[in-house]
Amino acid sequence: MSADSTPVRLLQITDTHLYAEPEKTLYGVNTRASLQRVLSAARRHPKPDLVLATGDLVHDESPAGYHILKALLHTLDAPVAAIAGNHDALDSLQAITGPNICVGGKHILAAWCIVLLNTLVSGETGGHLQASELQFLETTLAQSSDAHVLIALHHQPVAVGCAWLDRIGLDNADEFFDVLDRYHGVRGVLWGHVHQAFESERRGVRLMATPSTCAQFLPDSNDFALDTRPPGMRRLTLHPDGRIETEIEWIGN
């Protein structure tokens, strides 16, 4: 196989909500132990070409929590591209970058370009794409006319059907989609934040949300409510013809 005919394998983990203290829980779930179970399950599959860690990674925003995150991610023995969520400290996340962990940017893998966007607004629960991020997206898409593109961000750019969550999504999704609609190579948009599985399509572009590695939110709920679903992760295979194969793997206790 030539490089451009090679399928690209990705793993998405999101909303890990780690703490510096190993015993801390979120909604009754020990987030560190839960992430360890998810990563153990991930290691039973072929090693991904890239791991996407899509925000809300360290709930207490502590530097120690990010070093724990780094150590756990290193057990996958795969490169990691991360973005911050509303529960993250961007400076502390950037401090753990190194040869196998980066924050944001674009990643060229075979026939694909994976773009990670920062939607973090300091002090806010909802998300926003700053003008610089929109310009980065536009420039990347213009320069990637021969590639298939997958975009990852933390906040959802479309309503997922939970009224309370949809009030704290991406507040300038119209500007985001205005950029996408000017180009023909975008095949998928992927996010976290909503602690549930979601799939839809817009103008031929796959739209996908992935469950948390800890607690889940109840789909289709008007007010905050927890689901009983276990931790999860998403695996994706990006084909050279632009097809995306993907599945959620739920990790039982």
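Pop a pseudo-label 7 angstrom from the Cα along the beta-carbon direction at both D181 and N100 and give the gap in nm to one decimal.
Each label point is offset 7 Å from its Cα along the Cβ direction, giving 4.3 nm.
Give the shape of region 41-97 as rounded, prolate or oblate, defined through the alpha-carbon gyration tensor: a ≥ b ≥ c are the square roots of its eigenvalues, a/c under 1.5 means rounded, and otherwise the shape is prolate if a/b is larger than b/c and oblate if not.
Prolate, because a/c is 1.5 or more and a/b exceeds b/c.
Would you mind giving the three semi-axes, in whole Å and largest first, of the ellipsoid equivalent to region 69-173 according to its Cα gyration tensor?
On the way: eigenvalues 104, 81, 33 Å².
Its equivalent ellipsoid spans semi-axes of 23, 20, 13 Å.
Collect residues whose amide H, placed 1.01 Å from N in the peptide plane, falls under 5 Å from the amide H of V189; neighbours closer than 5 in sequence don't count.
Residues meeting the criterion, in which the H sits 1.01 Å from N, are I151, R206, L207, M208.
Which of the trypsin sites (Lys or Arg not before Pro) across region 138-211 are loop residues per DSSP, with 12 or fewer other Cβ within 10 Å?
Here the trypsin sites (Lys or Arg not before Pro) that fit, given the DSSP loop and packing criteria, are R167, R182, R203.
Apply the Karplus parameterisation 6.51 cos²θ - 1.76 cosθ + 1.60, with θ equal to phi minus 60°, to every residue of region 217-233 and state each ³J(HN,Hα) to the nearest whole Hz, in sequence, with x for glycine and proline.
Residue by residue, region 217-233 yields 9, 6, x, 6, 9, 6, 10, 3, 7, 8, 9, 9, 5, x, x, x, 8 Hz.
For region 201-214, what does the Karplus curve 6.51 cos²θ - 1.76 cosθ + 1.60, with θ = phi - 60°, yield as ³J(HN,Hα) per residue in whole Hz, taken in order and with x for Gly and Pro?
With coefficients 6.51, -1.76 and 1.60, one gets 8, 9, 6, x, 9, 5, 10, 9, 10, 10, x, 6, 7, 10 Hz.
Under the rule of at least 5 residues apart or a separate chain, name every residue whose amide H is placed under 5 Å from the amide H of H87.
Answer set, sorted by chain and number: D56.
Quick check: residue separation of T237 and E23 times 0.36 nm, minus the Cα distance between them. What number comes out in nm? Walk me through the numbers on the way to the answer.
Working: separation 214, 0.36 × 214 = 77.04 nm, distance 3.48 nm.
Contour length minus Cα-Cα distance gives 73.6 nm.
Counting other beta carbons within 10 Å of each Cβ, put F217, F224, F177 in order, fewest first.
Result, fewest neighbours first: F224, F177, F217.
Quick one: net charge of A33's neighbours, Cβ under 11 Å, K/R +1, D/E -1?
+2
Any idea what the dipole of the chain comes to, in debye rounded to 20, about its Cα centre with Lys/Arg Cβ at +1 and Asp/Glu Cβ at -1? Don't skip to the answer; put the middle values down first.
Details: 19 positive and 30 negative charges, 178 e Å.
Rounded to the nearest 20 debye, it is 860 debye.
Going by a ≥ b ≥ c, the root eigenvalues of the Cα gyration tensor, does region 168-253 fall in the rounded group (a/c under 1.5), the prolate group (a/b larger than b/c) or the oblate group?
Oblate, since a/c reaches 1.5 and b/c is not below a/b.
What is the chain's relative contact order, in percent, from Cα pairs under 8 angstrom and six or more apart in sequence?
Here the relative contact order equals 21 percent.
Could you work out how much longer the chain between K47 and E245 gets when fully extended? Use 0.36 nm per residue separation minus the Cα distance between them, nm to one decimal.
69.7 nm
Laboratory data are not the source of any read-out in this text; all were calculated from the coordinates shown. All values derive from a computational prediction rather than experimental measurement. Glycine gets a Cβ as well: all are built from the backbone with ideal geometry, and neighbour counts include every protein chain shown.
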